[in-house]
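A.B. asks: Before I ask anything, let me first share the structure, which is written out below as structure tokens.
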Amino acid sequence: MILLEYEAGGEAVTWNRDTAVRRQTAGRPLEVACDESGSDGENLTGGNTDVFAHASVHLPLASAAAHLQGIRDRIRSPAEEYKATHLLREKHRSVLEWLLGASGPLYGQAHVLLVEKSFFVVDRVMDLLLGDPAPALVLFRAGRERFGDERWRGFLEAANDLLRARSAGDPDAPVESFFQAVDAMQRAHPHGDVGEILALLGRARERARSHRARIGEGPAVVPLLNPLVPAIVRTAAYWSAGGRPVSLVHDEQNVLTAQRIAWIKETAPLAGLRLVDSRRDPRVQLADFLAGIARKIASDELNRRGDPTLTALLRPYADQDSVWGDERSGALLRSSSVSPTV
């Protein structure tokens, strides 16, 4: 018996008790719903989270709504709005494993870009000052062991302050603090690959001053310290890999101004990008679940308290191009992937 039939996001959808059947309308873009977890604004080195996750889901509206109801039926919480924290509770472990597993609704229909925030800072400062992010991995992986926790943490915080758009006081203060940290590190270890990278950074003071001057002129179209914009660009590239036009539906975010949305549309292979209230779109709610779950699993693995079963369940969703510096956890999180079945 047919229970529901309607047109949604360019897809003619028929829903009955057993299945949702999609008939893609010729020439219409693939519509993918997105949300993020772990946003701390510009504070990437001292915020509440050490991982940012951007998740995307391709499902018909009716199918997504049915899966959300299925999650509610399994968890039976009185909460009006469910979040990833509900699924991450130990008493709901079986629901979480079902959601991520090969027989669950997201397998082959979802994608997650993971960002290790401290590495993202190093990556961005290298790109800004050297015009090449490639040395970031060398410096990042040697940093803590080579310089010790305190000095390495000081460098990360100084890099974060240099890049951030909002700062009080003397506009040159972040420049001076950053190069003091670089100089101290170079004096401690002047040789080898790391020494060469630090020497190059030490000669980039004028680039740093120019960056601070541009900040004073107004907000950048692409904020250096917010991983959301590049995550959206990468998400668009992932879903359009087969050459099909893609349109994104994203949870409302203050950082996604009209100017930035226009830039994303010009830069990414996107047919469209619109913002919605996540509470009104079940596909975005599922992306919100996945983003929160992925962030927690990845953070646990990064901090050597990972759950091998959950890490393995996340692995098929994790983007091979996730922005991740830690070698051990990165290998565990990104060792395989599943192509989207669209």
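The values are calculated or read from the model by the stated rules, or taken from the named source; none is laboratory data. Predicted model only: the values in this text are computed from it and were never measured. Because the Cβ atoms are built from the backbone with ideal geometry, glycine has one as well, and the counts that use them run over all protein chains shown.
A.B. asks: Can you name the condition, by its number, that Gln320 falls short on among (1) assigned to a strand (DSSP E or B); (2) touching a Lys or Arg at 6+ places or on another chain (Cβ under 6 Å)?
C.D. replies: (1)
A.B. asks: Report, by residue number, each residue of the stretch 242-297 that is in a strand (DSSP E or B) and under 19 Å from the mean Cα position of the chain (by Cα).
C.D. replies: Correct list: Val246, Ser247, Leu248, Val249, His250, Asp251, Leu273, Arg274, Leu275, Val276.
A.B. asks: Can you pull out every residue in the stretch 84-126 that is of a type in the set (S, T, N, Q) and touching a residue at least 24 places away in the same chain (Cβ under 8 Å)?
C.D. replies: Passing the criteria: Thr85, Gln109, Ser118.
A.B. asks: Could you tell me which numbered condition Ala231 fails, if it satisfies all but one of (1) at pLDDT below 95; (2) closer than 30 Å to Ala53 by Cβ; (3) part of a helix (DSSP H, G or I); (4) among the hydrophobic types (A, V, I, L, M, F, W, C)?
C.D. replies: Against the list (1) at pLDDT below 95; (2) closer than 30 Å to Ala53 by Cβ; (3) part of a helix (DSSP H, G or I); (4) among the hydrophobic types (A, V, I, L, M, F, W, C), Ala231 comes up short only on (1).
A.B. asks: Confirm whether Leu198 is within 30 Å of Ala271 (Cβ to Cβ) and either at pLDDT 90 or above or surrounded by 14 or more Cβ atoms within 10 Å (Cβ to Cβ) (or both).
C.D. replies: No: the conditions fail for Leu198.
A.B. asks: Counting only residues that are out of contact with any Leu (no Cβ under 9 Å at 6 or more places or on another chain) and among the acidic types (Asp, Glu), which one in the stretch 255-301 is surrounded by the most Cβ atoms within 10 Å (Cβ to Cβ)?
C.D. replies: Asp288
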